[in-house]
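The values are calculated or read from the model by the stated rules, or taken from the named source; none is laboratory data. Keep in mind that this is a model prediction, so the values were computed, not measured. Neighbour counts run over all protein chains shown; Cβ positions are idealised from the backbone, glycine included.
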């Protein structure tokens, strides 16, 4: 899929420390992302682009997208 900063990706917030979060992307990859612009909490699914959480996403849609990513990776 190319560089992870080429496009926004869906992930699950697993930790928040101030304005910084850890977001689990598909396949167990964890990235650090600035979360201060979005009202998200641990357990929320979010859209991450260029190191920033840019929005929360519907959990059902997020899971569908993550499954599609996994299928592409296989």
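Results, tabulated for the structure shown:
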{"item": "In region 33-54, the residues that are surrounded by 12 or more Cβ atoms within 10 Å (Cβ to Cβ) and closer than 11 Å to residue 11 by Cα", "result": "33, 44, 45, 46, 47, 48, 49, 53"}
{"item": "Odd one out for residue 9 among (1) out of contact with any strand residue (DSSP E or B) (no Cβ under 7 Å at 6 or more places or on another chain); (2) surrounded by 12 or more Cβ atoms within 10 Å (Cβ to Cβ); (3) at pLDDT below 90", "result": "(1)"}
